[in-house]
Amino acid sequence: MIQDIILDTLVDGIKLLPFLFVTYLVMEYVEHKTSERTGRIMQKSGKLGPVFGGVLGIIPQCGFSTAASNLYAGRMITFGTLFAVFLSTSDEMLPIFISQQVPISTIIRILVVKAAIGIVFGFLADLVINRKKGNAREKLQIEHLCEHHHCHCEEGNILKSAVSHTLQIFLFVILITFFLNLVIEGIGEGKLAELLSGRSLLGPLIAGMVGLIPNCASSVVLTQLYLEGVLGAGSMLAGLLAGSGVGLLVLYRVNDNLKENIRITLLLYGAGVLSGILIEMAGVVF
């Protein structure tokens with residue numbers, strides 16, 4: 001049984017390699033051409049920050065949530081803008097969807113929903129904060145700003161960076177798929193799906209906790225579980241909304257206010273889980 005699982009996992013994984021590589025090559029090109037521009041757009045967005053944050057956040061750029069963390073630590077963008085970016089960021093979801101040849105219409109619907117949720121919660125966050133602080137404006141803290149120092153992409157070498165990303169995610173997919181196949185074989189796909197399905201709160205609650213893990217592995221796990229039919233759309237989105245790649249980890253490093261960082265983490269989890277539960281209850285199918 002183990003040999004069959006290993007063979008099936010390797011065959012499925014190898015089929016993804018060319019799609020993953022082409023996807024990351026295109027993404028790296030787009031990032032190198034637009035990363036500085038998107039940062040400037042966020043800085044100048046003002047009250048419309050959550051809109052720009054929600055829309056720009058769905059672009060799968062290495063270090064985009066990291067840039068938002070740094071900009072917020074320097075008080076160059078609002079809390080709502082940061083929140084919108086964190087919620088709309090999907091990390092490795094998009095390249096995996098593309099490599100698995102998920103219909104473009106499905107991908108677009110999911111991205112639109114994530115961006116919309118990020119924008120709504122972003123505006124709500126800014127509205128609440130502005131009411132509490134009145135017209136008081138926070139001072140800029142330029143010493144906290146930096147340019148993608150926490151992004152581990154290969155600067156200036158698109159091909160090398162694309163290969164690096166491809167191999168990393170390929171390894172994650174292989175390991176996670178192997179583990180999933182073992183679990184499904186042992187427990188049964190029906191029982192596992194029932195445990196994490198929308199018929200209970202357990203799916204979104206667990207998925208939200210997985211999403212908070214500051215690593216691309218969390219988005220790989222959630223996306224693979226969804227593609228395997230184990231997670232429903234709401235549970236998957238609960239985790240992906242709560243996840244922000246390494247952005248949250250960087251926020252803890254560059255933002256001096258620990259209580260605020262903890263509050264942001266809890267709000268991310270709450271917003272993700274609440275949205276996931278509502279989507280599951282509404283029976284939304286992408």
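The values are calculated or read from the model by the stated rules, or taken from the named source; none is laboratory data. Note that the structure is predicted; figures quoted are calculated from it, not measured. Methodologically, a virtual Cβ is constructed for each residue, glycine included, from the backbone with ideal geometry; neighbour enumeration extends over all protein chains shown. Calculation scope for accessible area: heavy atoms of the full protein, side chains included, ligands and nucleic acids excluded. Shrake-Rupley method; radii C 1.70, N 1.55, O 1.52, S 1.80 Å.
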In Å², what does the accessible area per residue of the stretch 221-286 work out to with a 1.4 Å probe? 40 Å²
Starting from the Kirkwood Rh over alpha-carbon pairs, what translational D in µm² s⁻¹ does the stretch 213-286 have by Stokes-Einstein at 25 °C and 0.890 mPa s? 189 µm²/s
Percent accessible area from carbon and sulfur atoms, the stretch 61-132, protein chains only, probe 1.4 Å: 69 percent
Sorted on mean Cβ neighbours within 10 Å (highest first), peptides 95-104, 65-74, 270-279 come out as 65-74, 270-279, 95-104
Computed from every Cα-Cα pair in the stretch 79-121, P(r) in 5 Å bins starting at 0 and rounded to whole percents is 5, 24, 27, 20, 14, 8, 2, 0
